[in-house]
1. Only one residue in Thr887, Thr924 is at pLDDT 70 or above and either outside the structural domain of Val935 (by TED's automatic domain parsing) or touching a strand residue (DSSP E or B) at 6+ places or on another chain (Cβ under 7 Å) (or both). Which one?
2. Residue under question is Ser413, and the condition is that it be among the hydroxyl-bearing types (Ser, Thr, Tyr) and without any contact (Cβ under 8 Å) to a residue 60 or more places away in the chain; does it hold?
3. Would you mind stating whether Leu1040 is modelled with pLDDT under 80 and within 30 Å of Lys978 (Cβ to Cβ)?
4. Say we look at region 190-204 and pick out the residues that are in contact (Cβ under 8 Å) with a residue 40 or more places away in the chain and either in a helix (DSSP H, G or I) or within 46 Å of the chain's Cα centre (by Cα) (or both); which of these is farthest from Val314 (Cα to Cα)?
5. Suppose we filter Gln488, Gln497, Gln554 for residues that are over 18 Å from Val439 (Cβ atoms) and assigned to a helix (DSSP H, G or I); which single one remains?
6. Can you tell me which residues in region 270-299 are closer than 30 Å to Ala349 by Cα and free of Cβ contacts under 8 Å to residues at least 24 places away in the same chain?
7. Which one is surrounded by the fewest Cβ atoms within 10 Å (Cβ to Cβ), of the residues in region 1000-1040 that are assigned to a helix (DSSP H, G or I) and touching a Lys or Arg at 6+ places or on another chain (Cβ under 8 Å)?
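The values are calculated or read from the model by the stated rules, or taken from the named source; none is laboratory data. Computed from a prediction, not measured in an experiment: that's the story for all the values here. Backbone-built Cβ (ideal geometry, glycine too); neighbour counts: all protein chains shown.
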Amino acid sequence: MKELDVAKGIYDEQIAKMKEQGHVTLHKNMPKIAGSLRWAKELRKRITAPMHEFKKLEHPCMQGGAAKLVFTKFEEMLNLISGWNQEIYEDWAQNVGASCSHNMSQPLLLRNQNTDLISVNFDAKLTAILREVKYLKVADVEEIPESARDLFKQNDMFWKYVTNLDLIVHLYNKVRNKVLGVEYPLIEGQLKQLDVILQQAETTLTWESEGVWEYIQMTRDHVNELESSVHKAKNNIEEINNLMSSWSKTPLFARYENKHETLLNLDDRKDRLEKRYANISDIGTKIHQLLQQNKEYFKVDSDSDVWELYVEYVDDMIVEGFVSTIYCSMNFLLDNTDPKNNIGPLFQAQLELEVPELIFKPSLDYNTEGGFYELVEGLVTDIYRQAALIPRLALHTGREDYQMDLEQMVDLSDMRNELMERMNSVMSKAIEYRNSFDVYAYLWVDDRNEFMKQFLLYNHVLTPEEIEAAGEESIPESPPTLKQFKEQIDNFENIYQEAQEIESTELFDSWFRVNSKPFKQALLNTIKRWSYMFKQHLIDHVTNSLKELSKFIQSTDSGLLTPIEEGDYNGMVDCMGYLYAVKERQQATDEMFEPLKQTIELLKTFEQELPEEVHLQLQELPEQWNNTKKISITVKQQVAPLQATEVANIRRHTASFDVTQHKFRESFRGIGPFRYACEQPYIILNEYNEVLAAMELEMSQLTDSAGLFEVHIPDFKQLKQCRKELIMLKTLWDYIIIVKSCFDDWKTTQWKDINVEQMDIDCKKFSKDIRTLDKEMRAWDSYSGVEDNVKNMLTSLRAVGELQNPAIRERHWQQLMSATKVRFSMDEKTTLADLLSLNLHNYEDEVRGIVDKAVKEMSMEKVLKELDVTWTTMEFEHDAHPRTGITMLKTSEELIETLEDNQVQLQNMLSSKYIAHFLTEVSTWQKKLSTADQVISVWMEVQRTWSHLESIFIGSEDIRSQLPEDSARFDGIDTDFKELVKKMETTKNTVEATNQPNLYEKLETLQENLILCEKALAEYLETKRLAFPRFYFVSSADLLDILSNGNNPPVVSRHLTKLFDSMSKLEFEKDDKGNVLKMAVGMYSKDGEYVTLDKTCDLNGQ
């Protein structure tokens, strides 16, 4: 009983849940119907099994009321379960047929109109039915609806359809979702073709259609092919991206062994670049291959716009890859040159002394080949050059590679500029550091020998102020003292100690190191050389002084002790020489020994020891010198009588030589080289040079003898002046010969090859050089001759330069010959000599006048040629008259402006004083253009008037009837004008057409007659205006139009707005065929308002 109550409670709970929630608790993993039936079956089983056992009991209680109640509840419960099953199953069975029929007739696929994605249209109800049937069969339910049973028979087929359609949907939607905007145009055509195929599955093809499986297979292959191509293309793009990112992780250059304390490794720069560049080139080739594969995958034309856009997309990817690559290397350099990071020196320069400069290696000076700045620029260039190793994908951009794109990028340019600014900054600091050693520059710049020379003369180096103050006077000598030598040596020793304190290395901005060790060593060596120079001089002074004195004592003692016989002049001269030498050096030698001892002591303080031989000489030589002085005194007393005799001879010889030199002077002043006309100056100069040399030798011997015997003699100034003038003559004639030979060479130059500019430069140089010669020469005829020759050549060359003007013609040469009274043939063989024979330097003004005339005539000739070219091609433009079709002449603005400008040009030419040669031609052109101007002016006026009156007098019968006499006159005008037009048609050239005989007179006659016609017409129109004053409101042309169309109301009505303020047009009555009648039925205002006339208005008449 209790179990039945529990079962009833479970059943009631299920029913309540069904009512409240619309569904029931199903058996796990089972569909709705089969699950419900299974639940009912289990509930039935739950009460049936105990009941079956209960019925087996044989007990009196089985006959009691309680047992009956149990059986009653049991039967009720079975009925409820059966009712449940019947209700659930019948409800399903009733709808399953319609559901199968409806869903099987649905298309295979559905498309979302918003996203363009597709989905399999296999309804969930069909899936549910298949599951129900499957579980019902397992449950051995036999009464399965026929439609559900038939549907289940196709279960395997549906599974095959659905799985393949799911694959199609997945691949298609994947393409739609994953394709990029730049890729879509490439596959748009394929997608459209595929959509056409899919449209069948979206519209007409259902689950029960025939050929579904074949369609699915075909569609699956198409979709798979497209998705595979897109997938492969995307893989290629990803590979390209990976390839381009492979260089952005490692900088192009690095430190030695990648350690912070080492410098940038540039030793393997070449190998590193070759390796990286080769890798980039190989990858560039592969990228091009991958892009070519993508073109094949997408099946596009390489010339199409969509492919160019796609290539640009990949191109941008390459650019981004190179940006990262270059950024990596540039960032490495920036990080390692940032003082804030304090990583360690990255670059190093060696400071070395290469006399006379203190230099860095590599050089820190700008614009220096192989310098540090160029090195860093080279590194940056190497970094950027990576972008030039892959040929451009997007060739249509006009660039062969990517380097230019990278160089134009602002961020990278900023990095590059910042790096180079750091280079500039550190270079400036290093150069400033180098300049701090300029205080030592004199040590290697100054000439030590020159320094010592001036020190020995003046005890110091002369300053520019001292030299300037002295002027031409010699500076008095002041040899240095031993103390001053000591000061110099001490000074350089102190500098040496100071230089030893210089640091071997110096760091700037924490990343640039200067190695000063080579410079420091060179500086120390240089300082030592300066110090050693003074020490060595003192050593040499001591040893040489003692050695020289020892030799002097030996030779003097030997010479003085040699006996002299009476009459031995040479022996006497030698003896006097020795005595003179002892006398000259006596004081200096007496005072030399003590300073030499002090010098030796000083050298000892600087650790400079002299040989023992020097010390021995210093002890012995004072005694030897005293002995030599005693010998000289004795010998002097012995030779005194002989000396007196020789003095008298010297004075007689001196007087004789003085007379000889005066005679030679007089002879010398009259020699030929003083005159420009001298033909053999060098022979004469050589002869006098030999004579002068012999006399100079005699004078020298005489001077030496006088000095030995202490005799005063004159200076022989006349002979010295001859030598001076001889040298000056030689110099002057050297210039004269050079000038003459150069001029002679120029004279052979042919006319067309004459380079006046260079010759002028050379002449001016000759003139300048001649003026720098000694002023004494200017009084000589030879000087004046060469100076005049050069001046004349300069003047002649100016004239020749003028004559080289391309404007010069044969007639101008004839005029020049006439002016100079010299005749010659002007042709290609004409030389400069021929031109100089005209004495052009005397006719400079005449030449200039002829050239000016030629230039002016050339400009006239050019203008006349331009006139001929211009007016040969200048033609009238022709237009057809709208009514008669005859030719109407039309002048362009260019023609009128050209005509006016050319007439002004001709008038200016006629007023020129150089017009004579072209007078006839200019006058002819002036007449032609003047006539053309007049004819064009009259023609245009006649043509305009004729065109205006032609439609009136020829086309209007009303006018012809009203003005018969004027109409007849106009007929004559019309005939004459058309004849003129025919002639103009045959001759299109403007000048030829307008210069026809009597054309201007004929046009004037036509114009006069046309004026008469116009006047008659105006008088006629005035009568009409007087008759109807509103005609004053319209122009003559409009009035003529009204009068000539008086019997055509629709045409006249066009002018109503001009005659009446508010009226715009008339409404005309029409016949059955729609033709307008001459009957007005209404009128319109300007605003479009229509007013019907109270009665029809008849418009017939004139």
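1. None of the others qualify; the one that does is Thr887.
2. yes
3. So Leu1040 passes the test.
4. Thr203
5. Gln554
6. The answer is Lys270, Asp271, Arg272, Glu274, Lys275.
7. This residue is Tyr1032.
To keep it simple, each residue is scored yes or no on (1) surrounded by 17 or more Cβ atoms within 10 Å (Cβ to Cβ); (2) closer than 20 Å to Pro362 by Cβ.
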site	(1), (2)
Ser478	no, no
Phe485	yes, no
Gln488	yes, no
Phe492	yes, no
Ser504	no, yes
Leu507	no, yes
Lys517	no, yes
Ile527	yes, no
